[in-house]
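Note sheet for the following structure.
Computed from the coordinates by the stated procedures, all read-outs in this text should not be read as laboratory data. As the structure is a prediction and not an experimental result, all values here were calculated from the model. FYI the Cβ positions are ideal-geometry reconstructions off the backbone, even for glycines, and counts take in every protein chain you see.
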Amino acid sequence: MQPLLRLKKVTKSFHQGSQRIEVLNQLELTLEKGEIVSILGQSGSGKSTLLSLLAGLDHPDLGTIEVNGENLAKLSQDELSKFRSENLGIVFQKYHLMSNLTALENVGLPLELQGMKEFGEPARKALNYVGLSDRVAHFPSQLSGGECQRVALARAMVSEPSLILADEPSGNLDQKTGKEIMDLLFKMCRGRGQSLILVTHNHELAKQSDRTLVLSDGRLKRVQST
Ligand SMILES: Nc1ncnc2c1ncn2[C@@H]1O[C@H](COP(=O)(O)OP(=O)(O)OP(=O)(O)O)[C@@H](O)[C@H]1O
Ligand SMILES: [Mg+2]
């Protein structure tokens with residue numbers, strides 16, 4: 001069966017003045033459908049860079065990224081946006097909600113981008129799933145951090161994407177709220193057979209995933225479970 005995601009020899013560097021920072025160096029990764037993988041790694045090791053390449057928000061210098069057999073480099077900007085809204089759910093540390101939209105409108109946004117006009121019902125359902133059925137009309141400024149992250153989770157799941165990318169989704173939250181968010185994320189992915197790539201600094205959390213990888217020296221290495 002075709003893997004959900006296949007990265008081959010992905011290389012990425014940044015130029016800062018005359019300095020060249022090599023972040024990813026011939027990185028390889030294959031992810032099966034429904035698999036949950038945690039990525040650990042020191043600050044600056046390139047975890048967020050990797051996720052932005054996976055999301056098609058940036059491009060590798062060399063190497064290929066295939067999602068469902070589709071090479072991201074071959075897609076136009078419009079095709080990439082469509083691809084993202086249909087196949088990916090993205091959750092960041094800082095929620096990235098639109099401040100001028102209500103919770104319901106934020107959650108409905110991926111569906112709207114896909115051209116769906118009647119996004120109210122699925123968006124309401126997603127908000128219900130994350131326990132926010134009584135906050136649909138609230139704006140992000142009227143929600144707590146944990147609630148904002150729940151809205152972001154609902155937005156990531158509303159279009160039922162096959163892959164969720166999460167970059168330290170509990171990083172901005174207190175321990176208890178962070179755990180609630182992470183439990184919800186795992187439940188969501190496991191329950192719906194969605195794949196998850198989770199960037200985290202929390203080793204305990206990583207143990208809940210199917211595989212734990214460490215990004216170091218530009219490559220992903222398997223962590224042997226203890
Ligand atoms: N747009 C950019 N221009 C120049 N350098 C960049 C850019 N984006 C990232 N970098 C550099 O690439 C390296 C990797 O950054 P990245 O944000 O991917 O690290 P990270 O593993 O996510 O770190 P953290 O755990 O702190 O979030 C860093 O050294 C960073 O300074
Ligand atoms: Mg980061």
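In degrees, nearest 10, range 0 to 90: what is the angle between the Cα axis of helix 103-113 and the longest Cα principal axis of the chain?
60 degrees
Gain in length, PHE14 to GLU160, computed as 0.36 nm per residue apart minus the alpha-carbon separation, to one decimal in nm?
Contour length minus the Cα-Cα distance gives 49.2 nm.
Counting helices only, and only those DSSP H runs with n ≥ 4, report the 222 nm mean residue ellipticity of the chain as the sum of -39,500 (n - 2.57) divided by its residues, in deg cm²/dmol to the nearest 500.
That comes out to -10000 deg cm²/dmol.
Of LEU165, LEU109, PHE139, which is farthest along the charge dipole of segment 50-180 in the positive direction, counting Lys and Arg as +1 and Asp and Glu as -1 at C-beta?
Ranked along the dipole, the leading option is PHE139.
Using θ = phi - 60° and the Karplus form 6.51 cos²θ - 1.76 cosθ + 1.60, what ³J(HN,Hα) does each residue of segment 175-185 get, whole Hz, x for Gly and Pro?
Going residue by residue, I get 4, 5, 5, x, 5, 4, 5, 5, 4, 5, 4 Hz, with x marking Gly and Pro.
Go through segment 22-31 residue by residue and turn each phi into a ³J(HN,Hα) via Karplus (6.51, -1.76, 1.60, θ = phi - 60°); whole Hz please, and just put x for glycine and proline.
Result, rounded to whole Hz: 7, 9, 10, 10, 6, 6, 10, 7, 10, 10.
Karplus couplings for segment 207-213 from phi (6.51 cos²θ - 1.76 cosθ + 1.60, θ = phi - 60°), rounded to Hz, Gly and Pro as x?
5, 6, 8, 6, 8, 10, 10
If amide hydrogens are placed 1.01 Å from N in the peptide plane, which non-local residues have theirs closer than 5 Å to the one on ILE36?
Placed amide hydrogens put LEU196, ASP210, ARG211 under 5 Å from ILE36.
Would you mind computing, in nm to one decimal, how far apart the modelled labels at GLU32 and ALA73 are, each placed 7 Å from Cα along Cα→Cβ?
With each label placed 7 Å out from Cα toward Cβ, I get 2.8 nm.
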